[in-house]
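Report on the following structure.
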Amino acid sequence: MTTYRDAMREALREALIRDDRVFLMGEDVGAYGGCFGVSRGLLDEFGPRRIRDTPLSESAFVGAGIGAALGGMRPIVEIMTINFSLLALDQILNNAATLRHMSGGQLSVPLVIRMATGPGRQLAAQHSHSLEAFYAHIPGLRVLSAATVEDARGMLWPALQDPDPVLIFEPAALYNAESELPRDLGATDIDSAKICRAGADVTLVAYGGALRLAQAAAEALVTDGIDAEVIDLRTLRPLDEKTLLESVTRTHRLVVVDEGWRSVGIAAEIAARAAEYGYYELDGPIQRVCAVEVPIPYAKHLEEAALPQVADIVAAGRRAVS
């Protein structure tokens, strides 16, 4: 069995071996091994030139990554949690995402930024939010969410081949998740959503940490005679609209599950596109199951109360087919 953490470490190791231009930098990625242990051992294996600890300044080291990418390197920047990434939002939005367009295509920024996201570890409000929608809003970025051990292993290399900046979000609650990886596991298709479970009665769409909840809900709905199809979005920008709409055309009902807040989020975008382009295929109102619109609490029972639970998704699935 391979953990999500180990899968990501192996993806980093593979990238460092395959391409001399690749290097990793961020806070505590070297001697400490990363705040979630993802880069443990890589400093000893590859040395300080390629595994670089940085000062506590997200704007500075993301900016350094942009400069290195412009200079022909393939930097991987690690930001501890998504909440801290907001300190580098100016670099990500105003520089990384815009330079190709502002230079008339003369400049590209082949930069990969990884960061932990989401709740589930009782890390309180400043470490637990799901802000992927902030980044999925920005043209010029590719935004990925690795919801499985397989994608933690297979998503990094194709991200590094992209000539433009790519953000990979890693749900912090999944680092200890385990899965058996096939020997012939290849690179993840970062252009397409994945149908994780085929079904005929209702489509459950999720991403990141919410995917496992949607899968559990789909199994629970079987006892009600409801056959749910589960889709992992995987790429939040650009969205794989085709897979989503084809599924709605088969099932005619849609439930969107999102650990982010309900207002102006990923779930809102999915619902809007389904209504805009698939309205005549829908046989009932779209259901959204999202986080309660509060800062994520520290106390375990309050954290759970603020987040989507399997029972909530099951109830939404029942409403969708009623």
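The values are calculated or read from the model by the stated rules, or taken from the named source; none is laboratory data. A quick note: this is a predicted structure, and the numbers were derived from the prediction, not measured. Every residue, glycine among them, receives a Cβ derived from its backbone with ideal geometry; neighbour counts consider all protein chains shown. When the accessible area is computed, the model is the full protein with side chains, heavy atoms only, and any ligands, DNA or RNA have been set aside. Shrake-Rupley method; radii C 1.70, N 1.55, O 1.52, S 1.80 Å.
For the range 24-120, the square roots of the Cα gyration tensor eigenvalues, ordered a ≥ b ≥ c, give a/c of at least 1.5 with a/b no greater than b/c, which places it in the oblate category. Sparse packing (at most 12 other Cβ atoms within 10 Å of the Cβ) combined with a DSSP loop state is found for the following trypsin sites (Lys or Arg not before Pro) in the range 30-102: Arg49.
Between Glu259 and Ala210, the built amide H atoms are under 5 Å apart, and every one of these is 5 or more places off in sequence or on another chain. For Thr203, the residues 5 or more places off, or on other chains, whose built amide H falls under 5 Å of its own are Glu229, Arg253, Leu254, Val255. Remark: the range 88-189 carries a charge dipole of roughly 260 debye about the Cα centre, counting +1 on each Lys and Arg Cβ and -1 on each Asp and Glu Cβ.
Placing a label point 7 Å from the Cα of Asp162 along the Cα-to-Cβ direction, the residues of the range 88-122 whose backbone N falls under 12 Å from that point are 97, 109-114.
With θ taken as phi - 60° and the Karplus curve 6.51 cos²θ - 1.76 cosθ + 1.60 applied, the whole-hertz 3J(HN,Hα) list for the range 241-258 is 4, 4, 4, 4, 6, 5, 5, 4, 5, 7, 9, 6, 9, 9, 10, 10, 10, 8 Hz, x standing for glycine and proline. May I ask you to derive the FRET efficiency for Glu180 and Ile17 from their Cβ-Cβ distance with R0 = 22 Å, giving the value to the nearest 0.05? Calculated value: 0.40.
Report, to the nearest whole %, how much of the accessible area of the chain belongs to carbon and sulfur atoms, 1.4 Å probe, protein only. So the carbon and sulfur contribution to the accessible surface is 52 percent.
Remark: the range 1-115 carries a charge dipole of roughly 260 debye about the Cα centre, counting +1 on each Lys and Arg Cβ and -1 on each Asp and Glu Cβ.
A helix-only calculation puts the chain at -10000 deg cm²/dmol for mean residue ellipticity at 222 nm, using -39500 (n - 2.57) for each DSSP H run of at least four residues, averaged over all residues. Shape class for the range 87-173: oblate, because the ratio a/c of the largest to smallest gyration tensor axis (alpha-carbon atoms, square roots of eigenvalues) is 1.5 or more and b/c is at least a/b.
Of all beta bridges that DSSP places with both ends in the chain, some 15 percent have antiparallel geometry.
Note that the range 169-176 has calculated 3J(HN,Hα) couplings of 9, 10, x, 4, 5, 9, 4, 9 Hz, one per residue in order, obtained from phi through the Karplus relation 6.51 cos²θ - 1.76 cosθ + 1.60 (θ = phi - 60°); glycine and proline are x. Of the GluC sites (Glu not before Pro) found in the range 146-211, those in coil by DSSP whose Cβ has at most 10 other Cβ atoms within 10 Å are Glu180.
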